[in-house]
Structure formats: structure tokens, C-alpha cells
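Taken together, the values in this text are just the output of simple stated rules run on the coordinates, not laboratory data. Owing to the predicted nature of the structure, the values given are computational and were not obtained by experimental measurement. Methodologically, a virtual Cβ is constructed for each residue, glycine included, from the backbone with ideal geometry; neighbour enumeration extends over all protein chains shown.
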Amino acid sequence: PGNGKSQVCEAWAANYINHDADGLGFKFSGTGPVILIDTERTYNDSFKGLERIRERITRTGSEITITENRISNLFFYSLVTIPEIEWKVSQVEKLIKQHKPGLIIIDGVTALIGSVNDEVMAKHFLS
């Protein structure tokens, strides 16, 4: 925590939604929805992050659709309150099937595996 990973993830999401948005040097060209999954931040920090995404997208003059406080093509989920790794992984799988995203960003992916040194668990998660 505290290394700026979340803001990099926010920039990636913004650039995927609006290809002219600042992606911190990354450029995405895909289409379809973005799933941004957070495993570390509090609700308030997450809300601030969503506001930063909106600002990045609209800074270029682009219009985005916000309906009921939701940015179109962005699905944000927080798994911070879910203690069991297996349940977190099953939720991620469910979200992928539900939204069929063009991009999945997992902020704090190590929370979805027991240990970064567990090669079997890491391979299972990536498959």
C-alpha cells in the first residue's frame, strides 16, 4: 500500500474508456467495458479514485455518460471486505462472465492468491 498502484490503475481505466485520456504513458485501443476491482482501499478512497477517473476522462473535453453516479463502460467493485480468497476469486470469475469486459484491472491482485510464492495458486488464478 502507498506506492501509487491505485492511481496507475485509475489512469489505465480512464485511457481505456477515453483513448485521449492520460494513461501515464500507457495507451489502450480496445473497446467494451472495463472492470476495475479493488482489494485494498476504503470506500471513501475508492470514491475519490472514481472521481479521479472521471476527471481524467473529461480533461480532454470528452463527454462521458454518468448515470446514477456510474461512469458508462466502467464497473468498479471493491472486494476489501471479503476475507476468503476462494470467494474473492469466484466473485471475479462471476463478474467476468456477467460483464464480458475488454479490460480487467485488479488493484491488489496478491489478495487473490494465498502467497506470491505459491506457483500452483498463481497459475490457477491466471488460467
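See the values below:
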quantity: Expected-Rg normalisation [2.2 N^0.38 Å, Cα atoms] applied to region 1-46; calculated: 1.20
quantity: q = 0.10, 0.15, 0.23 Å⁻¹, region 1-113: log10 I(q)/I(0) [Debye, one scatterer per Cα]; calculated: -0.27, -0.62, -1.40
quantity: Selection of chymotrypsin sites (Phe, Trp or Tyr not before Pro), region 1-105, meeting DSSP coil and at most 12 other Cβ within 10 Å; calculated: PHE26
quantity: Distance in nm between pseudo-label sites at ILE104 and ILE82 (7 Å out along the Cβ direction from Cα); calculated: 1.1 nm
quantity: For region 47-62, 3J(HN,Hα) per residue [Karplus equation, 6.51 cos²θ - 1.76 cosθ + 1.60, θ = phi - 60°, Hz, x = Gly/Pro]; calculated: 4, 4, x, 5, 5, 5, 4, 4, 4, 4, 5, 7, 4, 7, x, 6
quantity: Built amide H within the under 5 Å cut-off of PHE76, gap 5+; calculated: LEU36
quantity: LEU103 long-range amide H proximity, modeled H, under 5 Å; calculated: ILE35
